[in-house]
Amino acid sequence: MYIEIEELAKEFGSSRALHPVSLSIPSGALIALLGPSGSGKTTLLRILGGLEFPTSGRVLFDGKDATGLSVQERRAGFVFQHYALFKHMTVFENIAYGLRARKRRERPTEAEIGRRVNRLLDLIQLPDIGARYTSQLSGGQRQRVALARALAIEPRMLLLDEPFGALDAKVRKELRQGLRDIHDTTGLTTIFVTHDQEEAMELADLVVVMSMGRIEQVGRPADIRARPASTFVREFTMT
Amino acid sequence: MSDTAMTPPLGVTTEPLLARRLLICTVIVLISVLLFAPLIAVFSEALSQGAGAAIQSLASSDARSAIRLTLIVATIAVPLNAAFGIAAAWAITKFDFRGKAFLITLIDLPFSVSPVVAGLALVLLFGANSTFGAWLVAHDLKIVFAFPGIVLATMFVTFPFVARELIPVMIEQGKAEEEAALTLGATGWRAFFTVTLPNIRWALLYGVLLCNARAMGEFGAVAVISGKIRGQTTTMPIMIEMLYNEYLSVAAFSLAAVLALLALLTLILKSVLEWRYSALLAATRRH
């Protein structure tokens, strides 16, 4: 699914989180929203997921206006910064949640839910953890379960808020590859938010550098490195 | 988490043995005097003329009606306040809106206002001397000195308990899990019942138990608004006071013992539930 963002702006009370920004995201791309805290990258991601609504501007999915679509109608697989796994449910129930939440006639049978959850557990390479509670998992395992839960609803896109932020350096490197693999297998348009320029440059096809609620530059990692559009971009991508 | 807290490494408790013993003894004495002695006194006074006399006094129609009234009032007030408390805590913790601080203060109001004042306020508002009260009387709706007034007074006094228990828990939990449920396609109601409610169930249970204990034990506000009509608007605490003032100490203390037992029962219920689900609690609380 390709996404177009037209003159999107967001205000919280009197403060501007997002100045009018425009952006085109090609179908199947892996995009990084890169910027320091307060740059508006998470706000942009949450607007795409339907968790916030813009003050002005439009969002189009596959050319159709999606600005007013509710969060449920968007079918965006969302991975939260601290994963937001359901603590009182097992890993299996966490992943099955989206399937059980469907309307009765669209809901898969219990056997089908079981098959799909197990297939997702295989995909994240944790086939045996279905019966555990999330408190019994390591940070890296939790992140992968959150990814599987988001994929279970057969999303039209994948949105990840600092997916590696809560992990130590070694696990972070492993899971970067994991996300790349899952993206390549599913072919989903994937957008992740990060403040780590190395992560963005290494993982993404296209990097969107943001600062103070504005898009500073959009480009392939090599192009941004070679031709930074502003002093901010040069300094931020150097460190 | 609790493992390390329960078995401190050697050397942490460095106070001399005598000091430790002394502190422990002080605590035991204080707890005995403040908590156990009054409870034992109530029961021993109730049984001072034998169990037969105690049971006989409880079998009187006035005592039975007082017990019945207290239970019915709690049965109405507690679920309503649980629902209102959840709604208030939900609104305060999951949404940002103007006047939030004022709403929190308002929820706390029953804690800061004396129950007697609350009762008087209700009498003034619904009594025959006010415009609203006159209208009620004209339409044959009795609130003051009647059952609805007792329920209103009890609800007012016990309103903060559930919300106060829930608000800190819900603030700590944030709203990410609810948002996750919504992105997975759940409706708001489904997210509430499958995510929010399970996450707050222990705080909710605790709030409900406290609310219930207070609802059954409320004296001041109910004393003012009930008019103390014997056999009709006397709840257990009010009946106890009346009996005591009439020097019927066995009857008074028997009823007091029943009230204490009801409170103990709720505490036991809570312990049983906690014990029953302790394994699940341990698995879900570690985070």
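The values are calculated or read from the model by the stated rules, or taken from the named source; none is laboratory data. Everything numeric in this text was worked out from a predicted model, so none of it was measured. When we count neighbours, we look across all protein chains shown, and the Cβ atoms used for this are built from the backbone with ideal geometry, even at glycine.
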(message) Return the residues of the stretch B:60-69 that are assigned to a helix (DSSP H, G or I) and more than 14 Å from B:Ala257 (Cβ to Cβ); say none if nothing qualifies.
(response) B:Ser61, B:Asp62, B:Arg64, B:Ser65, B:Arg68, B:Leu69
(request) Only helices (runs of 4 or more DSSP H) wholly contained in the stretch A:90-157 count here; list those with 1 or more residues that are surrounded by fewer than 18 Cβ atoms within 10 Å (Cβ to Cβ), more than 12 Å from chain B (Cβ to nearest Cβ) and of a type in the set (A, V, I, L, M). (result) A:110-123
(request) Can you work out which of the residues in the stretch A:74-84 that are of a type outside the set (Gly, Ala, Ser) and either more than 9 Å from chain B (Cβ to nearest Cβ) or within 13 Å of A:Ala152 (Cβ to Cβ) (or both) is surrounded by the fewest Cβ atoms within 10 Å (Cβ to Cβ)? (result) A:Arg75
(message) Testing A:Gly40 on (1) farther than 16 Å from A:Glu162 by Cβ; (2) crowded, with 20+ Cβ neighbours inside 10 Å, one condition comes back false. Which one is that?
(response) (1)
(request) Could you list, in sequence order, all residues of the stretch A:55-65 that are free of Cβ contacts under 8 Å to residues at least 60 places away in the same chain and crowded, with 20+ Cβ neighbours inside 10 Å? (result) A:Val59
(request) Collect the residues in the stretch A:183-197 that are touching a Ser or Thr at 6+ places or on another chain (Cβ under 9 Å) and surrounded by fewer than 19 Cβ atoms within 10 Å (Cβ to Cβ), keeping them in residue-number order. (result) A:Gly187, A:His195
(message) Cβ contacts < 6 Å: first residue surrounded by 11 or more Cβ atoms within 10 Å (Cβ to Cβ), restricted to the stretch B:28-50; second residue among the polar types (S, T, N, Q), any location; separation 6+ or different chain. Result?
(response) B:Ala46/B:Ser254
(request) Could you please find all residues in the stretch A:198-236 being part of a strand (DSSP E or B) and either surrounded by 18 or more Cβ atoms within 10 Å (Cβ to Cβ) or not assigned by the TED database to the domain that holds A:Val21 (or both)? (result) A:Leu206, A:Val207, A:Val208, A:Val209, A:Met210, A:Ser211, A:Ile215, A:Glu216, A:Gln217, A:Val218
(message) Quick test for you: out of B:Ala191, B:Ala176, B:Ala146, pick the one residue that is more than 14 Å from chain A (Cβ to nearest Cβ) and either under 30 Å from A:Glu154 (Cα atoms) or of a type in the set (Gly, Ala, Ser) (or both).
(response) B:Ala146
(message) I'm checking my understanding of the structure. Among residues of the stretch A:68-95 that are aliphatic (A, V, I, L, M) and over 19 Å from the mean Cα position of the chain (by Cα), which one is modelled with the highest pLDDT?
(response) A:Val91
